[in-house]
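**Q** Below you'll find the structure I mean.
The values are calculated or read from the model by the stated rules, or taken from the named source; none is laboratory data. This one's a predicted model, so the numbers in the text were calculated from it and none came from an experiment. Here the Cβ positions follow ideal geometry from the backbone for every residue, glycine too, while neighbour counts run over all protein chains shown.
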Amino acid sequence: MFHVHSFPPVETPDARVLVLGTMPGKMSLHAQQYYAHPRNSFWRIAGEILGFEAGSVYEHRVSSLAASGVALWDVLQSCSRGGSLDSAIDRDSMIFNDFAAFFARHRAIHRVCFNGAKAESLYLRHIQPLVASTTEVEYLRLPSTSPAHAGKSFLEKLGAWSAISPNERLPGHPFSHFTTTTF
C-alpha cells in the first residue's frame, strides 16, 4: 500500500465543463500527467471531440482541453492504495479535493462528467452535499476510459464522451444518464 497525491486541476476561469477522475494511476503519477497510460483512451477521445491531436505533447493537449472550456481534475486529493485500480483505494485514507473553492472560481461550470462509476459515487456521496451553487449543474457518468474498462467499444465511449463538448445538448444523448441539480 502506498500513499499517492493527485495533480492540480487543468483549468481556466471560463471553464464550462468539469471532467473528474478518481485518482491518477501509477503510470500517470510517474509521468506527472493526467491519463498517461498508453492504452487509456481519454486523450484520443478528447482530441476527437474537441479537435486537437491526441498524440501531441502533453502541454499542448492540456492547453487544448482548457481552451475548449473543459477543466480536468480528480475527486481525491490523496489516498493510500495497493495498485492503480480504483478498487485498490483504502477508504479510510481518502482526502477529497476542495470543490467549494474550485466552484467559487469557476462559476460557469454547468456540467460535471465523471470518468467512471467510482469518481461519480465518491463525488455524489462526499462532495455534492457540501458544495453550493447558484446555477444548475448536470452530473453525467461516462464510461471509464481506462484500459481496465473493456465493456464498451471505443466508438461507444466516443459517443458517450461527446458530452464533454461544452456546447453538447444532452437530451436524447445516447448515454443520457445524468441528474440535474440546482442548489
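**Q** For the structure I just gave you, tell me whether residue 137 is surrounded by 15 or more Cβ atoms within 10 Å (Cβ to Cβ) and at pLDDT 95 or above. Steps first, answer last, please.
**A** Details: surrounded by 15 or more Cβ atoms within 10 Å (Cβ to Cβ): yes; at pLDDT 95 or above: no.
Taking the combined requirement at face value, the residue does not satisfy it.
**Q** A follow-up question, please. If a residue counts only when it is farther than 30 Å from residue 167 by Cβ and hydroxyl-bearing (Ser, Thr, Tyr), which strands (runs of 3 or more DSSP E) contained entirely in region 1-100 have at least 1 such residues? So that I can check it myself, show each step before the final result.
**A** On the way: elements: 2-5, 17-21, 70-74, 76-81.
Once the strands (runs of 3 or more DSSP E) in region 1-100 are filtered for at least 1 residues that are farther than 30 Å from residue 167 by Cβ and hydroxyl-bearing (Ser, Thr, Tyr), what remains is 76-81.
**Q** Hey, residue 164 hits all of (1) within 21 Å of residue 80 (Cβ to Cβ); (2) in contact with a strand residue (DSSP E or B) (Cβ under 7 Å, 6 or more places away or on another chain) but one; which does it fall short on?
**A** With respect to (1) within 21 Å of residue 80 (Cβ to Cβ); (2) in contact with a strand residue (DSSP E or B) (Cβ under 7 Å, 6 or more places away or on another chain), residue 164 is out only on (1).
**Q** Inspect region 120-134 for any residue being of a type in the set (Gly, Ala, Ser) and within 17 Å of the chain's Cα centre (by Cα) and give the result as yes or no.
**A** yes
**Q** Working only within region 60-92, note down all residues that are in contact with a helix residue (DSSP H, G or I) (Cβ under 7 Å, 6 or more places away or on another chain) and polar (S, T, N, Q).
**A** Residues satisfying the conditions are 64, 68, 80, 84.
**Q** Can you give me the number of residues within region 67-101 that are under 14 Å from the mean Cα position of the chain (by Cα) and either crowded, with 18+ Cβ neighbours inside 10 Å or at pLDDT below 95 (or both)?
**A** The number of residues fulfilling the criteria is 11.
**Q** I'm told residue 23 meets every condition in (1) over 21 Å from residue 127 (Cβ atoms); (2) surrounded by 21 or more Cβ atoms within 10 Å (Cβ to Cβ); (3) not β-branched (Val, Ile, Thr) except one. Can you identify the failing condition by its number?
**A** (1)
**Q** Sticking with this structure for a sec: Take region 119-139 and flag every residue that is part of a helix (DSSP H, G or I) and touching a strand residue (DSSP E or B) at 6+ places or on another chain (Cβ under 8 Å).
**A** Listed by number, the residues that qualify are 119, 120, 122, 123, 124, 126, 127, 128.
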